[in-house]
Amino acid sequence: MFSLSRQFSGVRSKPQLLTIPAPTSILSSPAPASTHVQTSLKQVLPLHTPTPPPTNNNPKPPLTSPHLPQPPNHKHNNKPPTMSTARFSTNDVTVVFFLGGPGSGKGTQSSNLVKDYGFVHLSAGDLLRAEQVREGSQYGDLIREYIREGKIVPMEVTVALLSNAMADSLATSPPPAGTKARFLIDGFPRKLDQAVFFEETVCPSELVLFLDCPEDVMEARLLKRGETSGRDDDNAASIRKRFHTFVETSMPVVDDFKKKDKVVWVKADSSVEQVYEEIKAGIEARGLEAR
């Protein structure tokens, strides 16, 4: 039996930044507290920016959008993000990234954390699926095509959706007076460049909560779930591909945050109750008390 953490040995995924024309982005502008911000890309991304004419003879333009904000044009330098560039301040919100292999138990434990610690649970995957089918979305086709081709959706889209969801939550359900809003971001970041872009444009994270679970345990859980879930990817072949993708792309995120002493690492192969006790001990040691 071996875990994803032990399988991962020195794997690094070099951040790849998209080459996307750079319109004016308002991700770094503070969201007015009194303004309701919808969880739609229309509120954060400029619309109707003219597309520059192609510079080659290929009649089909690349699958990019001229309306997406430009990611930072530099390599990860491990410098902390500054409050002048992030949309939200760590004085007002606490962001926890929640990572773990497929079948590690993130969904179950997210429900516990929402109930006991006052987190707002945001799933990057759920937001993308909702935007894909939202009536009038100008990014639905782009998201659908990337998913169909097995590619990671451009991080500018995913980060914009997360940023809008945070702003919408703050506008409609602000935290109790004298407390900070808490956001548990499930299944994100999937790659290191996503983490860098989010922290520079939305908000620096407090920590990464990582569930470390052996592959054979996760596979058994997913196959059991597949008996009733109806999901096409809950089969042995797809499950192993997902494990491989996680090790290649997401473990470098965990490794990077661990170097910064920002990881709560929990073994997730025991009972739900035992795993939750370890999670509580880990996050409370970092100053996140129950509410």
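A Cβ distance below 6 Å, combined with a sequence gap of six or more or placement on separate chains, defines the contacts here; from the range 101-122, residues that are under 18 Å from Pro189 (Cα atoms) reach residues that are small (Gly, Ala, Ser) in the pairs Ser104/Ala268; Gly105/Ala268; Lys106/Gly100; Val120/Ser169; His121/Ser110; Leu122/Ala165.
Being assigned to a helix (DSSP H, G or I), acidic (Asp, Glu) and out of contact with any Phe, Trp or Tyr (no Cβ under 9 Å at 6 or more places or on another chain) holds for only one residue in Asp256, Asp261, and it is Asp256. The condition of being in contact (Cβ under 8 Å) with a residue 40 or more places away in the chain, closer than 15 Å to Leu99 by Cβ, of a type outside the set (Val, Ile, Thr) and open to solvent by less than 20 Å² (accessible area, probe 1.4 Å) holds for only one of Leu161, Leu207, Leu192, that being Leu207. Each residue in the range 146-192 was checked for being more than 25 Å from Pro252 (Cβ to Cβ) and among the β-branched types (Val, Ile, Thr), and 2 of them qualify.
If you go through the range 141-157 and keep only what is modelled with pLDDT of 75 or more, closer than 16 Å to Gly187 by Cα and either open to solvent by 50 Å² or more (accessible area, probe 1.4 Å) or over 15 Å from the mean Cα position of the chain (by Cα) (or both), you end up with just Ile152. Considering each residue of the range 271-287 in turn, at least one proves to be among the small types (Gly, Ala, Ser), without any contact (Cβ under 8 Å) to a residue 60 or more places away in the chain, open to solvent by 40 Å² or more (accessible area, probe 1.4 Å) and closer than 17 Å to Thr108 by Cβ.
The values are calculated or read from the model by the stated rules, or taken from the named source; none is laboratory data. Please read all numbers here as calculations on a predicted model, not as lab measurements. Backbone-built Cβ (ideal geometry, glycine too); neighbour counts: all protein chains shown. Just so you know, the surface numbers come from the protein's heavy atoms only, side chains and all, with ligands and any DNA or RNA stripped out. Shrake-Rupley method; radii C 1.70, N 1.55, O 1.52, S 1.80 Å.
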